[in-house]
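J.: Once you've had a glance at the structure underneath, I'll fire off some questions.
The values are calculated or read from the model by the stated rules, or taken from the named source; none is laboratory data. Here the structure is a predicted model, which is why all the values come from computation and not from measurement. For neighbour counting, all protein chains shown are included, and Cβ atoms are generated from backbone atoms with ideal geometry for every residue, glycine included. Accessible surface is based on the protein model in full, side chains and every heavy atom, while ligands, DNA and RNA are left aside. Shrake-Rupley method; radii C 1.70, N 1.55, O 1.52, S 1.80 Å.
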Amino acid sequence: MGGPDKKVIAEVERLRREIEEHNYRYFVLDAPTIPDAEYDRLMQRLRELEAAHPELITPDSPTQRVGATPAGEFRPVRHSRPMLSLDNAFSEEDVTAFGKRVADRLRANGVNVKEIPFVGEPKIDGAAVSLRYEEGKLVLGATRGDGTVGEDVTHNIRTIRGVPLRLRTRKPPAVLEVRGEVFMPKKAFEELNRRAAERGEKVFANPRNAAAGSLRQLDPSVTARRQLDVFFYGVGETEGWRLPGTQSGILEALQELGLKTSPDWELLDGIQGCLTYYDTIAKKRPDLPYDIDGVVYKVNDLEWQRVLGFVARAPRWAIAHKFPAQEELTIVRRVEFQVGRTGALTPVARLEPVFVGGVTVSNATLHNFDELRRKDVREGDYVIVRRAGDVIPEIVSVVLEKRPPDARIVELPTRCPVCGSEVQRLEGEAVARCVGGLSCAAQRKESLRHFASRRAMDIEGLGTELIDQLVESGLVKTPADLYALEVEQLQGLERMGEKSAKKLKDALEKSKQTTLAKFLYALGIREVGEATANTLAEHFGSLEALMDADETQLQEVPDVGPVVASRVRAFFQEPHNRQVIADLIARGVNWPVPVRPKASSHPFSGKTFVLTGTLSTMTRDEAKERLMSVGAKVTSSVTRNTDYVIVGENPGSKAAKASQLGVPCLSEEEWLHWMQNGR
């Protein structure tokens, strides 16, 4: 057989150009011009064409960011030009002295200087990297290492969406080596640590360590999940590229090539301009989405940079003006446990107030009980506190040499400090949780939001702000209290007139008619999503039978393992939860006895479906209900255990994954025909 025809080749090239343009607008300019669904459609079409014609796949295709095979080791890379470090300034006096040294040296070399222009950039607290492009294509990514020799991390660099695999130019230079800083945004860092804490794994001390650790992952798929980003600030070796005459010109040229630069760099007039810039960035610092530890000043004129030269391993023409220290020594007065929205108990150290990184810190997180034990933090200890990510102060370590004889070991409470319910910690889990659920004040608002949500009890008009008012006014403590509300009480709330109050009351009455599956989902039992709630309802047939089931009986339910069984059992054993359920039923919440379809009653009974794309004849929720009515199970992700994927318009990546795994895909028309005619 011959290769792909010209139309296919042209379409592949067009799709790559379009996707690269949208990547540039989204990740570099932060100004997307199409919705995510349209972007997904373009990527899906490109994947389909490349799957059908693998000979067209190239290393710089947008589909090839994450390599399939983990690296066995990191090979050393010698930088073509050294990656230098910077001298530091910690005060205005240090910066003024730097400016004087620059001016004096320039004058000594015959340069007539009045006011020296500088470029100011935020100093990203990340991991320095060097990227090499040849003929416009990314061929190498390396860490800084010791400045002379780094490590080859190309397979991980390629996963960073802000890194172009091909430069945005029709006439690429033969060689362009660019220097930059890879970092982890604050939100990604907090989410990474949250997940690690829940699994009982070691958390990262700060975003810089997280970024550096992510770059040294042997498996690039791990790096890809960590949402790294990058800013470029300079160049190394170049060949066939006209170097601009200024530092600001380099930054502008890099941006035009598709290489992301800091949006906060500025051209500054003299040392006073530098100091003003420092104050400006310091004020913006708490609101920046990434961590910085200072600003960098560079002489703008590249010829002046050459004249100034270097000293040891640092340039004379640049300096880092650092922010105040992020770590200080203080004393742990006591350790308390806070209860989060899911019932998780988090140990929080109450500290002797200390000034750290520009603010007074009196509390610090310890993430989970395992972390507290690992660091061996005791009440009365002297500890080093750091403002991790400039957001969450945390204890870095204990100063054992200063530990007092009466330092007290912290024990995990057996009862919830908020509601007094049992605290449960399952074997193998790092997080201990209050099982009070619906009756725990700390979990109350989140429980009510979930209870009222569309896929649960579907109480129209009961939004977040109204729930906050109801809880804070003391009108609602449990979901059952919602059904005892009167119009007169609702009218007394902010922005709630008589008409709105009656409308909400009607919505509450309407929601009383539900199904057992929706009611179980609304209760917010951990690990019990819609599909599991439906399976439990079908298996047991009544709420009473489910509430009385032991863990062995629960594990007889399809797809319910030991973890889910233990959580369902713990929920129903808690007296508070049973009382709330009894109150809900007493106030009129009801459902028909679920109809259990026979295994042979429909071809889809017992089959697992996934929905993707937009359906033309119904919503996804309606399609899900129709499938479950014939005994099918609907899940959110495609696996080898999926039987069918129903594909609507503008499908996402699920259709591609189904194709990779060999899972049959049905159009909406095919599915409806099979539903009605039994295939």
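J.: Once amide H atoms are placed 1.01 Å from N in the peptide plane, what residues at a sequence separation of 5 or more from Gly234, or on another chain, have their amide H within under 5 Å of its amide H?
T.: It is Arg179, by chain and number.
J.: So how do Thr619, Thr169, Thr642 rank on accessible area, 1.4 Å probe, biggest first, that is with the largest at the start?
T.: If we order Thr619, Thr169, Thr642 from most to least accessible, we get Thr619, Thr169, Thr642.
J.: Right, next: Amide H to amide H, which residues 5 or more places from Asp293 or on other chains are under 5 Å from it, using H placed in the peptide plane?
T.: Lys123, Asp125
J.: Let me ask another. Over all directions, average the projected area of the Cα convex hull of the stretch 63-180 and note it in nm².
T.: If you wrap the Cα atoms of the stretch 63-180 in a convex hull and average its projections, you get 10.9 nm².
J.: How large is the accessible surface of Met43 in square angstrom, using a 1.4 angstrom probe and rounding to the nearest 10?
T.: Here the accessible area works out near 10 Å².
J.: Hey, another quick one. How big is the antiparallel share of DSSP beta bridges in the stretch 540-679, given as a percent to the nearest 5?
T.: Bridges in the stretch 540-679 are about 10 percent antiparallel.
J.: Ignoring any ligand, DNA or RNA, what whole percent of the accessible area of the stretch 492-596 comes from carbon and sulfur when the probe is 1.4 angstrom?
T.: After summing per-atom areas, the C and S share lands at 50 percent.
J.: Let me ask something else about it. Quick check for you: with a 1.4 Å probe and neighbouring chains kept, what is the accessible area per residue of the stretch 415-572, in Å²?
T.: Heavy-atom accessible area per residue stands at 46 Å².
J.: Restricting to bridges with both residues inside the chain, how much of the DSSP beta-bridge set is antiparallel, in percent to the nearest 5?
T.: 85 percent
J.: If you take the square roots of the eigenvalues of the alpha-carbon gyration tensor of the stretch 288-375 and sort them as a ≥ b ≥ c, do you get rounded (a/c under 1.5), prolate (a/b over b/c) or oblate?
T.: prolate
J.: Additional query: Under a 5 Å amide H to amide H cut-off, with H placed in plane at 1.01 Å, what residues pair with Asp458 once short-range neighbours are removed?
T.: Ser453
J.: Could you run the Karplus curve 6.51 cos²θ - 1.76 cosθ + 1.60 with θ = phi - 60° over the stretch 247-262 and give me ³J(HN,Hα) per residue in whole Hz, x for Gly and Pro?
T.: Each residue of the stretch 247-262 in turn: 5, 5, x, 4, 4, 5, 5, 4, 4, 5, 7, x, 9, 5, 10, 4 Hz.
J.: So, in Å, what gap is there between the alpha-carbon centers of the stretch 238-296 and the stretch 299-341?
T.: Their Cα centres are 16 Å away from one another.
J.: Ok, one more. Excluding same-chain residues fewer than 8 positions from Lys123, which lysines have a Cα within less than 19 Å of its Cα?
T.: Straight-line reach from Lys123, under 19 Å: Lys186, Lys187, Lys260, Lys283, Lys284, Lys298, Lys322.
J.: For the stretch 285-293, what does the Karplus curve 6.51 cos²θ - 1.76 cosθ + 1.60, with θ = phi - 60°, yield as ³J(HN,Hα) per residue in whole Hz, taken in order and with x for Gly and Pro?
T.: Going residue by residue, I get 3, x, 9, 5, x, 9, 8, 10, 10 Hz, with x marking Gly and Pro.
J.: Taking the alpha-carbon distance from Lys202 and a cut-off under 17 Å, which lysines remain once sequence neighbours fewer than 8 residues away in the same chain are dropped?
T.: Excluding near neighbours in sequence, the set is Lys375.
J.: Among [x] 28.6; [y] 26.6; [z] 29.6, which one is Kirkwood radius over Cα pairs in Å computed from these coordinates?
T.: Checking each listed value against the structure points to [z].
J.: Using the beta-carbon distance between Glu327 and Lys7 and R0 = 56 Å, what value does 1/(1 + (r/R0)^6) give for FRET efficiency, to the nearest 0.05?
T.: Between Glu327 and Lys7 the formula returns 0.35.
J.: A further question on this structure: In whole Hz, with x marking every Gly and Pro, tabulate ³J(HN,Hα) for the stretch 523-528 from phi via Karplus 6.51 cos²θ - 1.76 cosθ + 1.60, θ = phi - 60°.
T.: Rounded to whole hertz, the list is 5, x, 5, 4, 6, 9.
J.: Shifting gears a bit: Could you state how much accessible area Asp301 has, in square angstrom rounded to the nearest 10, with a 1.4 Å probe and all protein chains kept in place?
T.: It works out to around 50 Å².
J.: What number, rounded to the nearest 500 deg cm²/dmol, is the helix-based mean residue ellipticity at 222 nm of the chain, given -39500 (n - 2.57) per DSSP H run of at least four residues and division by all its residues?
T.: Mean residue ellipticity, 222 nm, calculated: -10500 deg cm²/dmol.
J.: Using only Cα atoms and rounding to the nearest 10 degrees, what angle (0 to 90) does helix 668-677 make with the longest principal axis of the chain?
T.: Between helix and principal axis, roughly 20 degrees.
J.: Which whole-number percent gives the relative contact order of the stretch 530-679, counting Cα pairs below 8 Å spaced six or more residues apart?
T.: Averaging sequence separation for qualifying contacts and normalising by length gives 19 percent for the stretch 530-679.
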